[in-house]
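See structure below.
Read-outs: derived from the displayed coordinates by stated rules, not from any lab. Just so you know, these numbers come straight off a predicted model, no measurement behind them. All Cβ positions, glycine included, derive from the backbone under ideal geometry; neighbour counts span all protein chains shown.
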Amino acid sequence: MTDITKDAGLIQVLAKRMETQRLPRALSLKDKVDQGETLNEFDIHFLERVFQDDQQNIPLMDRHPEWQDLTARVIHLYKEITEKALRNEQT
């Protein structure tokens, strides 16, 4: 199996996971913090796992710049969630 084929398969899996798991959960967390709530232990664990996975996928995204815009938008969403959650904790 070539690296291109491996990358294509991995990107397909990551895209499906984003569509079915990560994005719905992120949007739910965004709604939660937008309503002034704070993140619980499970929410924080989810975000930690997402950040760990993102770090591991940097080489893949470097090899496929066509996915970098989408990746940046998703990372920005997670940044918004964490910043808002922190503000909610402080108030």
With 0.36 nm assigned to each residue of separation and the Cα-Cα distance removed, Glu66 to Ile44 gains 5.0 nm
Using only Cα atoms, find the angle between the long axis of helix 3-17 and the longest principal axis of the chain, and express it within 0 to 90 degrees, rounded to the nearest 10. 30
Please tell me the relative contact order of the chain in percent, rounded to the nearest whole number, where contacts are Cα pairs under 8 Å and at least six residues apart. 44
Per-residue HN-Hα couplings for segment 71-80, Karplus 6.51 cos²θ - 1.76 cosθ + 1.60 at θ = phi - 60°, whole Hz, x for Gly and Pro? 4, 4, 5, 5, 4, 4, 4, 5, 5, 4
If Thr5, Thr38 are placed from fewest to most neighbouring beta carbons inside 10 Å, the sequence is Thr5, Thr38
Once the in-chain neighbours fewer than 8 apart are removed, the lysines whose Cα is under 24 Å from Lys30 read Lys16, Lys79, Lys84
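Starting from the alpha-carbon convex hull of segment 4-78, give the projected area averaged over all orientations, in nm². Write out the running numbers ahead of the final one.
On the way: hull surface 20.0 nm².
For segment 4-78, the mean projected area of the Cα convex hull comes to 5.0 nm².
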